[in-house]
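The next block holds one structure in the form of structure tokens; read it before the comments.
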Amino acid sequence: MSSGVALRLRTLQRHLGSPEGRGMEPGSSPLSTHVLDTASGLPAQGLCLRLSRLEDHGQHWTELRKSYTDPDGRCPGLLLPGQMKVGTYKLSFDTEGYWQKRGQESFYPYVEVVFTVTNETHKFHVPLLLSPWSYTTYRGS
């Protein structure tokens with residue numbers, strides 16, 4: 001197996017939490033994300049994202065945090081322990097900026113993942129699989 005293929009396989013195994021990879025790291029934050037660049041098979045390092053919460057009975061979004069994915073494509077500590085409240089949240093990913101830095105045209109200038117928290121004692125992991133022409137997300141563990 002070539003070294004490039006082996007690196008992409010290890011990255012995907014870590015992302016999906018296989019026994020060969022290290023899986024999701026528990027950490028103390030109730031909310032985390034992980035972005036994988038499926039076009040390269042590597043983590044999406046340096047992607048800007050913003051976390052917001054819907055306030056005032058659904059009238060406006062309040063930005064809670066701006067951050068960037070780390071070299072492994074993760075952003076583990078989006079909220080401090082105890083900061084999670086029941087409500088509606090939004091993760092906004094600056095996909096246009098990410099692809100422009102790589103000299104790549106893309107279809108989606110940004111991706112917004114809106115989700116509802118009904119129990120603030122649970123942990124939430126929101127992975128994003130990203131290519132210039134598509135994206136997939138799901139509730140991870």
Proximal lysines relative to residue 90, as straight alpha-carbon distance under 20 Å, when same-chain residues fewer than 8 apart are discounted: 66, 123
Share of carbon and sulfur in the accessible heavy-atom surface of region 72-120 [1.4 Å probe, %]: 49 percent
Between residue 121 and residue 100, how many nm apart are label points set 7 Å from Cα along the C-beta direction? 4.5 nm
What whole-number value in Å² describes the accessible area per residue of region 71-113 for a 1.4 Å probe? 53 Å²
Can you order the peptides 30-42, 127-139 by their average number of other Cβ atoms within 10 Å per residue, highest first? 30-42, 127-139
Could you compute Rg(Cα) / (2.2 N^0.38 Å) for region 50-91, with N its residue count? 1.27
Extension gain (nm, one decimal) between residue 68 and residue 107, 0.36 nm per residue minus Cα-Cα: 11.9 nm
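The values are calculated or read from the model by the stated rules, or taken from the named source; none is laboratory data. Computed from a predicted structure; not experimentally measured. As a convention, Cβ positions derive from the backbone with ideal geometry for all residues, glycine included, and neighbour counts pool all protein chains shown. These accessible areas exclude ligands, DNA and RNA; they are computed on the full protein's heavy atoms, side chains included. Shrake-Rupley method; radii C 1.70, N 1.55, O 1.52, S 1.80 Å.
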